[in-house]
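J.: Below are the structure tokens for one structure; questions will follow.
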Amino acid sequence: MKENSFWDKLKEDLNNLDLTEEAKELVNKKMIELANQKLNIMVTGATGSGKSSTINALFGYEVAKVGDGTDPETMIIDRYEISNITLWDTPGLGDSPDMDKVHAEKIVELLNRKDANGIAIIDLVLVILDGSIKDMGTSYELINQVIIPNISDKNRILVAINQCDLGLKGRGWDKEKNVPMDSLIEFMEERVKSVKNRIFEATAVEVNPIYYSALHKYNISKLLCYIIKSTPNEKRMIYVDNINKDPDVWKRNDTLIDYNLEIQKDVKFSLTKALDASAKGAVAGATVGALVPIIGPVIGATIGAALGFIGGLFNR
């Protein structure tokens with residue numbers, strides 16, 4: 001575990017509960033296991049879609065590139081590490097047919113790469129589309145012909161439309177409030193439906209695209225919320241210690257749901273379930289769920305404190 005991290009605080013809070021020593025030991029062992037997991041995210045999209053600005057918005061500006069570009073992999077796919085999160089930043093398609101073919105082959109190779117247990121190393125694919133352009137043919141080719149055929153769990157694909165502020169060529173953006181006006185919201189909602197339908201018609205796979213602006217920090221909480229929902233359950237809490245600590249990044253979102261509280265709820269549920277399952281053997285006659293009423297509130301409070309900078313979780 002990282003020192004002075006969310007995990008340290010959670011361990012302290014859980015150890016103050018009235019649990020048996022055996023239960024505490026099992027819970028602590030599971031926390032160490034969860035905290036040391038590796039999360040791999042592929043970030044891909046057409047040239048100019050804003051992959052780098054999206055990474056910066058989500059994780060801040062202290063993202064260091066791994067590798068020196070001397071081997072074929074790092075020359076084609078950039079790799080960044082933020083603690084135990086690895087971001088695989090693939091090159092943008094659309095520069096030339098020959099290079100697109102090379103890039104696609106590298107993406108396919110990475111999607112099919114397995115760990116020592118035979119499990120695909122990529123946990124989530126974030127496909128970023130450029131909301132400022134009308135022709136998304138290159139992006140559809142990437143999604144329909146490269147990504148979808150080479151990922152077994154289609155729920156691990158998230159399609160996100162960046163640069164929504166330019167969806168109407170800059171019209172419809174409220175520069176004072178830094179949010180879209182009704183005309184732009186309506187336009188982007190129609191674009192979301194169009195992208196969803198185009199992908200389904202070509203692949204029979206249903207995705208749920210969202211739109212956002214990395215530049216203006218709009219719908220970044222929504223983007224993170226959907227990223228977490230697309231992440232394998234036991235790895236969702238990895239984000240807590242690693243996301244951008246600037247509260248201004250997370251403030252401006254649409255009002256369909258409260259994404260900040262949804263993030264907290266999803267992380268709490270997955271962590272509570274994992275820790276409860278690990279400790280159930282230490283409680284005589286217990287089944288999964290027996291410790292939820294005990295550890296759930298503590299986990300929720302600790303997560304809330306850790307994510308308090310996101311939208312002011314405690315100012316409601």
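The values are calculated or read from the model by the stated rules, or taken from the named source; none is laboratory data. On a predicted model such as this, the values are computed, not experimentally measured, just so you know. Reconstructed Cβ throughout: ideal geometry from the backbone, glycine too, with neighbour counts over all protein chains shown.
J.: When you go through 222, 229 one by one, which is the residue that is surrounded by fewer than 21 Cβ atoms within 10 Å (Cβ to Cβ) and either modelled with pLDDT under 95 or of a type in the set (Lys, Arg) (or both)? If you could, list the steps in order and put the result at the bottom.
T.: Values: 222 fails: surrounded by fewer than 21 Cβ atoms within 10 Å (Cβ to Cβ).
Of 222, 229, the one residue that is surrounded by fewer than 21 Cβ atoms within 10 Å (Cβ to Cβ) and either modelled with pLDDT under 95 or of a type in the set (Lys, Arg) (or both) is 229.
J.: Return the pair list, or none, for Cβ contacts closer than 9 Å from residues in region 179-204 that are assigned to a helix (DSSP H, G or I) to residues that are of a type in the set (Phe, Trp, Tyr) and modelled with pLDDT under 95, at least 6 apart or on different chains.
T.: Listed pairs, sorted by first residue: 195/140; 198/140; 199/140; 202/140.
J.: Pull up region 37-54, narrow it to residues that are among the hydroxyl-bearing types (Ser, Thr, Tyr) and within 13 Å of residue 139 (Cα to Cα), then point me to the one that is farthest from the chain's Cα centre (by Cα).
T.: First, the residues of region 37-54 that are among the hydroxyl-bearing types (Ser, Thr, Tyr): 44, 47, 49, 52-54.
Right, trim to within 13 Å of residue 139 (Cα to Cα) and you get 44, 47, 49.
On the way: 44: 13, 47: 21, 49: 17 Å.
Once the filter is applied, the top-ranked residue is 47.
J.: Would you point out which residue out of 166, 129, 142 is touching a helix residue (DSSP H, G or I) at 6+ places or on another chain (Cβ under 7 Å) and either among the acidic types (Asp, Glu) or closer than 22 Å to residue 46 by Cβ (or both)? Talk me through it step by step, then tell me what you get.
T.: On the way: 166 fails: touching a helix residue (DSSP H, G or I) at 6+ places or on another chain (Cβ under 7 Å); 142 fails: touching a helix residue (DSSP H, G or I) at 6+ places or on another chain (Cβ under 7 Å).
Matching residue, one of 166, 129, 142: 129.
J.: Of everything in region 126-144, what is part of a helix (DSSP H, G or I) and in contact (Cβ under 8 Å) with a residue 24 or more places away in the chain? Give them in sequence order. It would help to see each step written out before you state the result.
T.: Filtering region 126-144 for residues part of a helix (DSSP H, G or I) gives 137-144.
Listed by number, the residues that qualify are 138, 139, 140, 141, 142, 143, 144.
J.: Between a first residue in region 19-47 that is in the same structural domain as residue 81 (by TED's automatic domain parsing) and a second residue that is assigned to a helix (DSSP H, G or I) and among the small types (Gly, Ala, Ser), which pairs have beta carbons less than 6 Å apart while being 6 or more apart in sequence or on different chains?
T.: Taking only residues 6 or more apart or on different chains, the pairs are 46/139.
J.: Looking for something of a type outside the set (Asp, Glu), without any contact (Cβ under 8 Å) to a residue 12 or more places away in the chain and on the phi > 0 side of the Ramachandran plot - is there at least one such residue anywhere in region 116-125? First the steps, then the outcome.
T.: Of all residues in region 116-125, those of a type outside the set (Asp, Glu) come to 116-122, 124-125.
From what is left, the residues that are without any contact (Cβ under 8 Å) to a residue 12 or more places away in the chain are 116-119.
Then drop every residue that is not on the phi > 0 side of the Ramachandran plot, which leaves 118.
Yes: one or more hits.
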